1. Can you work out which of the residues in the range 24-50 that are of a type in the set (Val, Ile, Thr) and more than 10 Å from the ligand (Cβ to nearest atom) is surrounded by the fewest Cβ atoms within 10 Å (Cβ to Cβ)?
2. Where residues in the range 1-21 are over 16 Å from Asn49 (Cα atoms) and under 11 Å from the mean Cα position of the chain (by Cα), which of them is surrounded by the fewest Cβ atoms within 10 Å (Cβ to Cβ)?
3. Consider Ser13 against the criteria (1) within 14 Å of the ligand (Cβ to nearest atom); (2) touching a helix residue (DSSP H, G or I) at 6+ places or on another chain (Cβ under 9 Å); (3) among the hydroxyl-bearing types (Ser, Thr, Tyr): it satisfies all of them except one. Which criterion is unmet?
4. Tell me, which residue of the range 1-57 that is part of a loop (DSSP other than H, G, I, E, B), among the small types (Gly, Ala, Ser) and under 13 Å from Thr69 (Cα atoms) is modelled with the highest pLDDT?
5. Looking at the range 62-74, is at least one residue more than 14 Å from the ligand (Cβ to nearest atom), surrounded by 12 or more Cβ atoms within 10 Å (Cβ to Cβ) and not in a loop (DSSP other than H, G, I, E, B)?
Amino acid sequence: MRYRKQWVALYKSQGGLCAHWGWALTNETSWHDHHLEYRIHGGTDTLSNRVLLHPDCHRQVHVGKLAVTKPAPSLH
Ligand SMILES: [Zn+2]
């Protein structure tokens with residue numbers, strides 16, 4: 001899976017927490033890869049434009065058109 005390494009980087013940059021409500025992301029909850037700037041609006045596929053969310057949170061964000069921000073500055 002070519003995204004696996006990127007997911008690990010995103011997971012670490014978020015401290016293992018969902019970018020929406022801040023609850024822990026685990027293998028059991030699983031996660032979705034969310035583009036902050038939607039790709040159809042010209043968003044890129046870089047890590048800075050992506051966050052991990054719970055599948056349910058992802059649905060809420062899209063249904064409610066909610067803004068999601070990076071939960072923590074990058075580790076650099
Ligand atoms: Zn969540």
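The values are calculated or read from the model by the stated rules, or taken from the named source; none is laboratory data. Just so it is clear, the structure is predicted and the values come from calculations on it, not from any experiment. So basically every Cβ, Gly included, is an ideal-geometry build from the backbone, and we count neighbours across all protein chains shown.
1. Ile40
2. So the residue we want is Gly16.
3. (1) is the only condition that Ser13 fails.
4. For the range 1-57, the residue satisfying everything is Ala19.
5. Checking the range 62-74: not a single residue is more than 14 Å from the ligand (Cβ to nearest atom), surrounded by 12 or more Cβ atoms within 10 Å (Cβ to Cβ) and not in a loop (DSSP other than H, G, I, E, B).
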